[in-house]
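Undergrad: Could you have a look at this structure, given as structure tokens, before my questions?
The values are calculated or read from the model by the stated rules, or taken from the named source; none is laboratory data. Please read all numbers here as calculations on a predicted model, not as lab measurements. Positions of Cβ are generated from backbone atoms using ideal geometry, with glycine treated the same way; all protein chains shown enter the neighbour counts.
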Amino acid sequence: MTIENCNLSLLDDRYSHIYMVTPQTEGQTVEQALSGLDLEIILADKKCLLFRGFHVDSDDKFSQIVSTLAQQELNYKERSTQRIQTAKGVYTSTEYPAKKLIANHSENAFQKVVPGKILFCSLVVADSGGETPISDNRKILDILPSEEVAKFRQNGVMYQRNFDGGFDLSWQEAFQTDNQSEVNQYCNDNDIEFEWLSPTHLRTKQKRHAIIKHPITGEELWFNQLHLFHVTNLEPAIRQALLSSLGTNLLPRHAFYGNGEEIPDHVVDQIRSAFIQSEVVFKWQKGDFLIADNLLVSHGRKPFEGERAVRVSLIDPVTI
């Protein structure tokens, strides 16, 4: 596959899931480079494309690309992290503290309807760190022990969340509404069990696939966020304090096998390690634009120092 008037090469020869695209002529835009091409097929083949030298260096430029490329906008509800909208279809990548690592994950992989594509652009590059590693979700299945893969394939994952406005997001922030009836309807429409423990406290449970097949390639993919929801994602002191005071059922978030069985800590550690083993890490440059198949690859964020501004957009929903 080629992109007209562009250079296309693997970003890292050791991995086959991220390619760099650079323009052959000054002033070329991302929209021009992708005009007339089937983005679904391109990303199914290349997984992730990093456009460098196209000067996507403002919210407005990024928003214009999003509007051009999106077949369908995503209704961004059931949030798991705080984000600020900066332009139409454009958000801050996260408001998570700079000193903390965000483990690799596919966006919204705990939901029934997920983004088919995820887009990033780099507006301000951190003084150090702040990279967005990209992992190959196919490789996770090769790295994990076969018996664990089989168990997740059979049982799936169950996510539990408690929205009470305390340690984690409130239900109003997560579901982007103050209307409990709208939340109830969303949960019913998306196969989410829910219970109002008080007017300010909502508990939800949802069973999802741990492993899916890509709709175009048919490849099996590791696709879930259990390692982010599992209580071991918290710092040990915070984890112990919450378990002691709340117990498992009232944790802000937690993940189980789909049959309700606890997932052992060492299994979650193996999953985190598998993401790291399959990741490509690159240094952002100002104006970089990245588009990825959200089913085929996962992303994270390295800790950083200084100011960092990376924007994100989620488009083209897929029902899992």
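Undergrad: So the check is Cβ under 7 Å with 6+ separation or different chains; which pairs have a first residue in segment 206-233 that's within 24 Å of N184 (Cα to Cα) and a second one that's polar (S, T, N, Q)?
TA: R208/N224
Undergrad: Does segment 89-103 contain any residue that is more than 22 Å from L50 (Cβ to Cβ) and not in a loop (DSSP other than H, G, I, E, B)?
TA: No; the residues of segment 89-103 include none that is more than 22 Å from L50 (Cβ to Cβ) and not in a loop (DSSP other than H, G, I, E, B).
Undergrad: Mind telling me which of the residues F282, F289 ends up being touching a Leu at 6+ places or on another chain (Cβ under 8 Å), surrounded by 23 or more Cβ atoms within 10 Å (Cβ to Cβ), in contact (Cβ under 8 Å) with a residue 24 or more places away in the chain and farther than 23 Å from Q160 by Cα?
TA: After applying the criteria, what remains is F289.
Undergrad: Check V297, V267, V280 and return the single one that is of a type in the set (V, I, T), on the phi < 0 side of the Ramachandran plot and within 14 Å of the chain's Cα centre (by Cα).
TA: Only one candidate passes the filter, namely V297.
Undergrad: Show me the helices (runs of 4 or more DSSP H) found entirely inside segment 106-205 where at least 1 residues are at pLDDT below 95.
TA: 171-175
Undergrad: Against the condition hydrophobic (A, V, I, L, M, F, W, C) and in a loop (DSSP other than H, G, I, E, B), how does L49 come out, does it pass?
TA: So L49 fails the test.
Undergrad: Hey, can you tell me all the residues within segment 101-134 that are more than 18 Å from F275 (Cβ to Cβ) and surrounded by fewer than 19 Cβ atoms within 10 Å (Cβ to Cβ)?
TA: K112, V113, V124, D127, S128
Undergrad: Let me ask another. Of these, E148, E95, which one is surrounded by 15 or more Cβ atoms within 10 Å (Cβ to Cβ) and acidic (D, E)?
TA: Step by step, each of E148, E95 is checked, and only E148 is surrounded by 15 or more Cβ atoms within 10 Å (Cβ to Cβ) and acidic (D, E).
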